[in-house]
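Let me begin by presenting the structure, written as structure tokens, before commenting on it.
Each value in this text was obtained by applying a stated rule to the coordinates, not by laboratory testing. All figures in this text were calculated on a predicted structure; none of them were measured in a lab. Here Cβ is always computed from backbone atoms with ideal geometry, including for glycine, and neighbour counts include all displayed protein chains.
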Amino acid sequence: MGGWAIAVHGGAGVDPNLPTQRQEEAKQLLTRCLNLGISALRSSLSAIDVVELVVRELESDPLFNSGRGSALTEKGTVEMEASIMDGPKRRCGAVSGLTTVKNPVSLARLVMDKSPHSYLAFSGAEEFARQQGVEMVDNEYFVTEENLGMLKLAKEANAIVFDYRIPALGLETCSAGAGAAIDNGLQMNGLPISIYAPETVGCVVVDSQGRCAAATSTGGLMNKMTGRIGDSPLIGSGTYACNLCGVSCTGEGEAIIRGTLARDVAAVMEYKGLGLQEAVDYVVRERLDEGKAGMIAVSNNGEVAYGFNTTGMFRGCATDDGFMEVGIWE
Amino acid sequence: MVSKKKKVPNPHSGGSQKKKKVPNPHRRVVGVGVGVGVAVAEWSWDIPLTLPPGRREPRVAALHHCLQIGVEALKAKLPPLDVVELVVRELENNPHFNAGKGSVLTSNGTVEMEACIMDGNTKNCGAVSGLSTVVNAISLARLVMEKTPHIYLGFDGAEAFAREQGVETVDPSHFITPENVERLQQAKEVNRVQIDYTQPIQKEILAETHTANGDSQIGTVGCVAVDSHGNLATATSTGGLVNKMVGRIGDTPVIGAGTYANSLCAVSATGKGEAIIKATVARDVAALMEYKGLSLKEAAAYVIDECVPKGNAGLVAVSAKGDVIMQFNTSGMFRACATEDGYSEVGIWPSSMQN
């Protein structure tokens, strides 16, 4: 049996011109979340508790696209989604279309633990949240100034957009910002990378007893249609955990769904006998078009791995033997 | 720590020797004639052998009818994607199945339908959930696939999209049948405790209960098709679970769980949604073929026998080679299939029990 391992991510697909200060803030947040997870693991919390705890922290911080700081729908509202999965019995819970639940990942956990179902959405999920007495806030709580600026830009570009940072910097000179974005030539989903950074958050953990778990949470796409569901709440796509491993993905939701990415990492381990890093590399290479997504993963023997074919992925990982890494670029 | 290794059937154990009921491979290779493999199924939690003819016959007749529509469409060289949509629309319109008109009811007595469609070669897909007024959920899923940048729309947003696209919508009461009002009543009596959240939940009991007539949980409809060029498609549609919580999403619209197609096979699964989601049933049939080299038959048998608890699931699937399989571990599955060489089968219980 290996020791524990943990990985976190804050999205795949990062603008190479992202201001250094923003990069530093992202790294600090990832480090803080890793440390939170590490202390929890040292206090013998189970993997499923640790992934929930860490993703709650990521949701509560406005930096990434989940919980507070979520991307906005075309109507300027926030619709969040999340899922969580516990490897040993493959129990899972998922939520979509949340507008007032402060921590979507915890509601996903409650769907798993306290409902007869695996997945609740929209008003039914909100109703369940009230019954369970989780913390609720007004929708405005989730909406940040930066994102309002981004939505405006996205609408001007008549496009679906993820990001909020680069154009937010160019708010006074919108068109100049968009121009610079297009100049750097990198695209995702047919859009300049600088206005397309998913920043979905996720955490995977294996505890010292070899139990794996995964959780993913997101506000989705900037300027998305109301009602749009992405990969994050879909078991097997954005999130998956079993006896062998735990996986959380991020990137273009539609590509992740078509590739059933999270399940496929586990499936090539189970059916093809690959190791964790091999499995991650295989799935990124074979199941994804270039520039689409990334993922973090842990295995039951304490390994941690990540892979992405985007320009950059916000991620951090740590293992029992003292290894720790936080990075953005390759 | 080493996880328990599951036994996977050896792909080399005579797989190529197996007698196939389904189409003559030689005709296919030279491209003469039309390659047809279509299966439709309507699933039930528990179909007792004593199921009265009055409950059985309309469904069997509908399966024959839908199968015929699919066969004719394939003969007319419609692409499989069109075929599965066409057949599932027909099943949705039939009140004897739990999809479209005839959908089962939520705990509030409302209808919330969901559906999913996927094209094998492109892996393009579309899904919808939480529909209450759209006559044919499967066609809205197709429109999500073709007319939006997204894959999956749910609830109010999906309804708004339906109106934008001008698909046929009706008053929600159109979908509600007296039988389903009664089923909900019965389910509520049995499940009184389980839907009380102040009590500890006995998970999965809800899904397991069934009433005296034995068909209170009649399920999802699905169709898979392959043409003579090996193009594959799948479609699944459902009203969900009797007495489900409002907002509950099952396996049907979840790509890889209830519905999946790639260039090897197309799968439509049905059963206890929560079990199918965690076992990623549809994707796993394809993954076993892709990663383990199993045949369609072996892959379907492995998933149904090893990955899902008994009594929980069934599926219909076709492979690019024109094989068709209908596998289930429930007491029965309303199902039908036909292949190019004239073979066709319509059944309810395991074939060993039917003769």
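Can you tell me what the convex hull of the Cα atoms of the range B:80-150 projects to on average, as an area in nm²? Walk me through the intermediate numbers first.
On the way: hull surface 19.8 nm².
The Cα convex hull of the range B:80-150, projected and averaged over all directions, gives 5.0 nm².
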Among A:139-148, B:130-139, B:145-154, how do they line up by average Cβ neighbours within 10 Å per residue, starting with the highest? B:130-139, B:145-154, A:139-148
Sorted by packing (mean other beta-carbon atoms within 10 Å per residue), highest first, where do A:218-225, A:308-315 land? A:218-225, A:308-315
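Can you give the mean number of other chain Cβ atoms that lie within 10 Å of the Cβ atoms in peptide A:259-266? Could you put the intermediate results ahead of the total?
On the way: counts 4, 13, 1, 2, 7, 6, 0, 2.
Per-residue shielding by partner chains comes out at 4.
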Show which aspartates and glutamates lie in cross-link reach of residue B:77 when reach means a straight Cα distance below 20 angstrom and same-chain residues fewer than eight apart are skipped. B:85, B:90, B:119, B:227, B:323, B:340, B:341
Share of Cα-Cα pairs in chain A beyond 25 Å, whole percent, is 43 percent
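If R₀ is 60 angstrom, what is the calculated FRET efficiency for the pair residue B:110 and residue A:20, using the beta carbon separation as r and rounding to 0.05?
Working: r = 53 Å, r/R0 = 0.88.
Approximately 0.70, to the nearest 0.05.
Just check the range A:249-290 against the gyration tensor rule for me: Cα atoms, a ≥ b ≥ c as the square roots of the eigenvalues, rounded for a/c under 1.5, and otherwise prolate or oblate depending on whether a/b exceeds b/c.
Values: a/c = 2.36, a/b = 1.85, b/c = 1.28.
Cα axes put the range A:249-290 in the prolate bin.
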Cα axis of helix A:20-42 to longest principal axis of chain A: angle in degrees, 0 to 90, nearest 10? 20 degrees
Rounded to the nearest 500, the 222 nm mean residue ellipticity computed for chain A from DSSP H runs (n ≥ 4, each -39500 (n - 2.57)) alone is -10500 deg cm²/dmol
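If you put +1 on each Lys and Arg Cβ and -1 on each Asp and Glu Cβ, how big is the dipole of chain A around its Cα centre, in Debye rounded to 20?
Values: 27 positive and 41 negative charges, 132 e Å.
Value, rounded to 20: 640 debye.
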Using Cα centres only, tell me the gap between the range B:58-122 and the range A:55-86 in whole Å. 36 Å
What is the helix-to-structure angle for A:122-132, meaning the angle in degrees between its Cα long axis and the longest Cα principal axis of chain A, kept from 0 to 90 and rounded to the nearest 10? 50 degrees
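Length gain on complete extension for the stretch residue B:346 to residue B:170, per 0.36 nm per residue less the alpha carbon to alpha carbon distance? Intermediate results must be reported in sequence, preceding the final value.
Values: separation 176, 0.36 × 176 = 63.36 nm, distance 3.21 nm.
Net length gain for the segment: 60.2 nm.
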Using alpha-carbon positions, the gyration tensor of the range A:19-87 gives root eigenvalues a ≥ b ≥ c; with a/c under 1.5 called rounded, otherwise prolate if a/b exceeds b/c, else oblate, the class is oblate
Shielding of A:218-231 by partner chains, average beta-carbon count, 10 Å: 5
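Within 10 Å of each Cβ of A:107-120, how many other protein chain Cβ atoms are there on average? Display every interim value, and only then the final one.
Numbers: counts 0, 0, 0, 1, 3, 2, 3, 4, 9, 17, 15, 12, 12, 6.
Counting Cβ atoms of other protein chains within 10 Å of each residue's Cβ and averaging gives 6.
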Residues of the range A:114-128 with amide N under 17 Å of a point placed 7 Å along Cα→Cβ from residue B:156: A:121-128
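For the range B:103-190, what number results from the quotient of the Cα radius of gyration and 2.2 N^0.38 Å? Don't jump to the answer; show the numbers that get you there.
Details: Rg = 14.5 Å, N = 88, 2.2 N^0.38 = 12.1 Å.
With N residues counted in the range B:103-190, Rg over 2.2 N^0.38 Å equals 1.20.
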Relative to the first principal axis of the alpha-carbon coordinates of chain A, what is the inclination of helix A:174-183, with its axis defined by its Cα atoms, in degrees from 0 to 90 and to the nearest 10? 60 degrees
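Rounded to the nearest 20 Debye, what is the dipole magnitude of the range B:239-355 about its Cα centre when Lys and Arg each give +1 and Asp and Glu each give -1 at the C-beta? It would help to have the intermediate numbers written out before the result.
Numbers: 10 positive and 11 negative charges, 89 e Å.
Rounded to the nearest 20 debye, it is 420 debye.
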What shape does the range A:33-133 have by the C-alpha gyration tensor, where a ≥ b ≥ c are the square roots of the eigenvalues, rounded means a/c under 1.5, and otherwise prolate means a/b greater than b/c and oblate the rest? oblate
